[in-house]
1. I'm checking my understanding of the structure. Among residues of the range 95-120 that are among the small types (Gly, Ala, Ser) and surrounded by 14 or more Cβ atoms within 10 Å (Cβ to Cβ), which one is farthest from the chain's Cα centre (by Cα)?
2. Only one of these is at pLDDT 90 or above, under 30 Å from residue 102 (Cα atoms) and part of a helix (DSSP H, G or I): 55, 72. Name it.
3. Any residue in the range 104-123 that's within 14 Å of residue 68 (Cβ to Cβ): show its pairings with residues that are part of a helix (DSSP H, G or I) at Cβ separation under 6 Å, as long as the two are six or more apart or on different chains.
4. From the list 63, 92, which one is loosely packed, with under 15 Cβ neighbours inside 10 Å and either touching a Leu at 6+ places or on another chain (Cβ under 7 Å) or touching a residue at least 12 places away in the same chain (Cβ under 8 Å) (or both)?
5. When residues of the range 43-60 are filtered for being surrounded by 14 or more Cβ atoms within 10 Å (Cβ to Cβ) and in contact with a Phe, Trp or Tyr (Cβ under 9 Å, 6 or more places away or on another chain), how many remain?
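The values are calculated or read from the model by the stated rules, or taken from the named source; none is laboratory data. Computed from a prediction, not measured in an experiment: that's the story for all the values here. Backbone-built Cβ (ideal geometry, glycine too); neighbour counts: all protein chains shown.
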Amino acid sequence: MTVHYDKEGHGRDHGHGHDDHGHGHGDGEGPHSTFKGYMTGFVLAVILTVVPFWLVMGKVFDKPSTTALVILGLAAIQIVVHMIYFLHMNTKVEGGWSMLALIFTIVLVVITLSGSIWVMYHLNTNMMPPSAHEMKNMP
């Protein structure tokens, strides 16, 4: 029977006669964020929330489409901030699978945002009611 000791000196008997070959039993599973890391993520999230609100309420840009594009860009950045600071995704955790998940998420966000903009643009262009002048000529 093999007893393994963790960092605090507590013995663990797995009872199956195998050595613990780093199968995720608490030894270096990935970075655990500090208070500073969480506060950095929180401050970035607040900034990335307040700036779009200010852009809309202050009517900073002349065109609404410019405002929408900037807000969508900031939303995508905020998703990445949350994944890095709160979900702790990087290239070292889980053999890089977390980074692959991050890249996959970014691709999905780009597809979703660009598809949403495309659909909304075409709905706005093609579904607008005719002007009052054109309605007079209708049967």
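1. Of everything passing the filter in the range 95-120, 98 is farthest from the chain's Cα centre (by Cα).
2. Only one candidate qualifies: 55.
3. Listed pairs, sorted by first residue: 113/72.
4. 92
5. The total comes to 3.
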